[in-house]
Amino acid sequence: MNLHLAGGRIIDPANNRDEIGDILVQDGVVKQVGRVDAGQADVKRIDCAGKVVAPGLIDIHVHLRVPGQEYKEDVASGTAAAAAGGFTAIACQPNTQPPIDRAGIVRQIAELAVGASARVHVIAAVSIGLEHKELVEMAELKDAGAVAVGDDAFPVQDSGFLRRAMEYCHMLDLPYIAHCEDKSLTGDGVMSEGYVSTVLGLKGIPRWAENIGTARNAQLAMATGCHLHVLHVSTKESVEIVRQAKRLGAPITAETCPQYVSATDEACIGYNTNAKMSPPLRTKEDQDAIKEGLADGTLDLIATDHAPHAAHEKEREFALAPFGMIGLETSLGLVITHLVKPGVITLAQMVDKMSTQPARLLGVPGGSLGVGDVADITVFDPDLQWTVNPAVFKSKSRNTIYGGTELTGKAVATIVGGRLIESAS
Amino acid sequence: MRRKDLLDIETLEPSEIEYLLDNATSFREILARPVKKVPTLRGKSVATIFFEASTRTRTSFEHAAKIMSADTYSLAGATSSIVKGESLKDTMLTLDAMGIDAFVIRHAYSGAAAQAASYVPHKPVINAGDGTHEHPTQGLLDMLTIRQAKGRIEGLTVTIVGDIAHSRVARSNIWGLSKMGASVRIVGPSTLIPADADKLPVSVYTNLEEALEGADVVNVLRIQLERMTVGYFPSIREYARLFGVSKARLAVAKPDVTVLHPGPMNRGVEIASELADDPEISVITDQVTNGVAIRMATLFWLMGAST
């Protein structure tokens, strides 16, 4: 089926386009942009008036839980959640059971993703078992399809090991996707250290745990030449460290997540374990600095850190509950509500940070609506008001703090390779 | 003026604290009787669920409940299904289904009492200490003891000494005393003062002499000796040297200074033996008696009027 996306506002930062127009999708690729003749045979017309037509959103930070923890999420549910949230592609993090540390697992995920509701790109573990003792066979992993290597959730503490890992990544032209944290400062902390943790009697995670990790990794990026991507920036100091590193010419990109601009540590009050995540929710001051970093380009992209957990795992004593919150189905609404509507970033910047930059970072198709490009397209209504209802999520998990929250902006059609996956109408 | 649970002092109204202290004062009279039994909670059952070991607090609660004629059941972490890995939720649902009327919970993790309370939406839960969060009946009994010794709380200067960061007793004292108009000081090693402590309704000190100057009341916290091994302070000897409270140290406090300690004491570490045993200064045994009265007042408040 060919598609005629009619009369939407096409926002395509990769091609400097922001105008009302049509797009013709044929045989899985973008065939025409601008003016498309109506009434062609075998073409499904989708009225996009009042909507934004953008290159498909790409979330590079998803815990798909495959292999090993399919009770939390699997490829079918995770990609369905992605499509419902307007994402045409996701990249899955390697902290699975077992970790994604060999080519066979990459191929297994690729096989499971055939025909799924979104493209799945694989980020491989940097080390066997994520134990940071032996490097993975990166060249073979790359051949199998891995687009990057990283250490999310298990940050490498040994700087000497990370130096070798990044030198090796650089040789193979793979970006290093880093969870920046000095675990000796985190200890057994469970939320951001500050007044709220003091009142709740919960062990604090000091902000310097992240800051020192970010600073060290930025130094290693400069030393090794390896492209460092800093995951989930949550502190004002980390924003500044990334800004300085870029100024010094470090090969570095960085992301933040919607929760770090829309919630603070006060979400933990009442011992809401859905507000327990790593890095932890911080303060208003951090939110302001992160917004500034998004606006001035210090923070290149926005990802979700979608981290599904079963209800019984989160329904525990706060200290015992696992870290993480889901995000695929609330990300677009949170970004429009908290960043676009208040004028922090423009819609074009948003599309850049949620589609064009992620595609560029991982070197994957998408992120652009030029003629001949793959037809991964998200149509969203930037003004649609809706209330978050986790009961209808496509994800297997419900661990979010946003249930009942009113948001503005929602995907209305998600197209992957010319295939209409999700359509609200 | 009814609540379902007593989970903390932070969210209590001063009038509620006043009410509990007044009722406890009346109940204390029962403790002095030869026959310590009133029928107030006859036919009701109270379970004390101690996920963390404690002899005195559990005995105090059970004694209070028995004086009021409630039936009591005690579940300890080591002997119950908790060691088989049952969740807090399932423990609560099971006891609820058995028809237990009220729950007293001690737990090693902050917030566990509040979570337990959410699993039994129609029955009272009393927090008997949750992690490093709060220990509200301890805070109340400390206030009752101070009021008894001084005739008032308002206008007093109360200094809390020790491991503030890990103390649920400190948090409950800070909220309660400040709500009742006392001026609260905290003092301890800089490593055991919690983050952003200056945003609490307290003055923060790391010098014991300065913190004791002009104090009406000193509440000495138990120091957990295992803290030393993870680097919060170098040695027991050095802790005692800097923060051990003795009569000599109290020279700068008010002449009629009163000293509290929640027990159990490390004599010669955080408190000198001669001080702990001086009936002119120490009210430590009064605290224990008042603990029973406060727990009676709490059970009456949450369970009493429903029949």
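Computed from Cα positions, the angle between helix B:168-179 and the longest principal axis of chain B comes to roughly 80 degrees. Here's the picture: charge each Lys and Arg Cβ at +1 and each Asp and Glu Cβ at -1 in segment A:221-276, and of A:Val239, A:Leu228, A:Tyr271 the one pushed furthest to the positive end of that dipole is A:Leu228. Mean partner shielding of peptide A:316-325, defined as the number of other chain Cβ atoms within 10 Å of each residue Cβ, is 4.
Charge dipole (Cα centre; +1 on Lys/Arg Cβ, -1 on Asp/Glu Cβ; no other charges) of segment A:52-207 amounts to roughly 220 debye. Counting, for every residue in A:190-201, the Cβ atoms of other protein chains within 10 Å of its Cβ and taking the mean gives 6. For A:Glu422, the residues whose amide H sits under 5 Å from its own are A:Thr414, ignoring neighbours fewer than 5 places away on the same chain, with H placed 1.01 Å from N. Which of the helices in chain A, when you take each full DSSP H run, stretch at least 30 Å along the axis at their Cα atoms and have an average Kyte-Doolittle score of 0.5 or higher? Span-like helices, by this rule, are absent here. Amide H contacts under 5 Å for B:Asn219: B:Thr159, B:Ile160, B:Val161, B:Leu260, restricted to partners 5 or more places along the chain or on a different chain, H placed in the peptide plane at 1.01 Å from N.
If only the Cβ of Lys and Arg carry +1 and only the Cβ of Asp and Glu carry -1, the dipole of segment A:56-362 around its Cα centre is close to 360 debye. For segment A:56-362, what does the alpha-carbon gyration tensor say about shape, rounded, prolate or oblate, given a ≥ b ≥ c as the root eigenvalues, a/c under 1.5 as rounded, and a/b over b/c as prolate? Cα axes put segment A:56-362 in the rounded bin. Here the Karplus curve 6.51 cos²θ - 1.76 cosθ + 1.60, taken at θ = phi - 60°, turns the phi angles of segment B:51-57 into couplings of 6, 9, 5, 6, 8, 6, 5 Hz, with x standing for Gly and Pro. Annotation: lysines with alpha-carbon distance below 16 angstrom to B:Lys37 (same-chain offsets under eight excluded): B:Lys66. When the square roots of the Cα gyration tensor eigenvalues are ordered a ≥ b ≥ c, the ratio a/c for the protein assembly as shown is 1.5 or more and a/b exceeds b/c, which makes its shape prolate. Here the sum of -39500 (n - 2.57) over DSSP H runs of 4 or more residues, divided by the residues of chain A, equals -7500 deg cm²/dmol at 222 nm, to the nearest 500. Residues whose amide H comes within less than 5 Å of that of B:Ala128, counting only those at least five positions distant or on another chain, are B:Ile105, B:Arg106 (H built at 1.01 Å from N in the peptide plane). Loop-resident GluC sites (Glu not before Pro) (DSSP state other than H, G, I, E or B) in segment B:198-307 with no more than 11 further Cβ atoms inside 10 Å of their Cβ: B:Glu280.
Summing Lys, Arg as +1 and Asp, Glu as -1, what charge do residues with Cβ under 11 Å from the Cβ of A:Ser355 carry, A:Ser355 excluded? Neighbourhood net charge equals -2. Using C-alpha pairs below 8 Å separated by at least 6 residues, the relative contact order for chain A is 20 percent. Which angle between 0 and 90 degrees, to the nearest 10, do you get for helix B:88-98 versus the longest principal axis of chain B when only C-alpha atoms count? Tilt of helix B:88-98: around 40 degrees. Cross-link pairs exceeding 23 Å between alpha carbons, from the set A:Lys246/A:Lys284; B:Lys179/B:Lys247; A:Lys353/A:Lys410: A:Lys246/A:Lys284; B:Lys179/B:Lys247. If the cut-off is a Cα-Cα distance under 19 Å, which lysines reach A:Lys203, setting aside same-chain residues fewer than 8 apart in sequence? Straight-distance partners of A:Lys203: A:Lys183, A:Lys276, A:Lys314, B:Lys199.
The aspartates and glutamates whose alpha-carbon is closer than 12 Å to the alpha-carbon of A:Lys51, local same-chain residues fewer than 8 away aside, are A:Glu19, A:Asp22, A:Asp381, A:Asp383. Every helix of 4 or more DSSP H residues in chain B counts as -39500 (n - 2.57), and over all residues that averages to -11000 deg cm²/dmol at 222 nm. The string of couplings for segment B:228-241 from the Karplus curve (6.51, -1.76, 1.60, θ = phi - 60°) is 4, 5, 9, x, 6, 8, x, 7, 4, 4, 6, 4, 4, 5 Hz, one whole number per residue in order, with x for Gly and Pro.
Under the rule a/c < 1.5 gives rounded, and otherwise a/b versus b/c splits prolate from oblate, where does segment B:124-210 land using the Cα gyration tensor? Since a/c reaches 1.5 but b/c is at least a/b, the shape of segment B:124-210 is classed as oblate.
FYI, it's all coordinate maths here, none of it is from the lab. All of these numbers come straight from a predicted model, not from anything done at the bench. Every residue, glycine among them, receives a Cβ derived from its backbone with ideal geometry; neighbour counts consider all protein chains shown.
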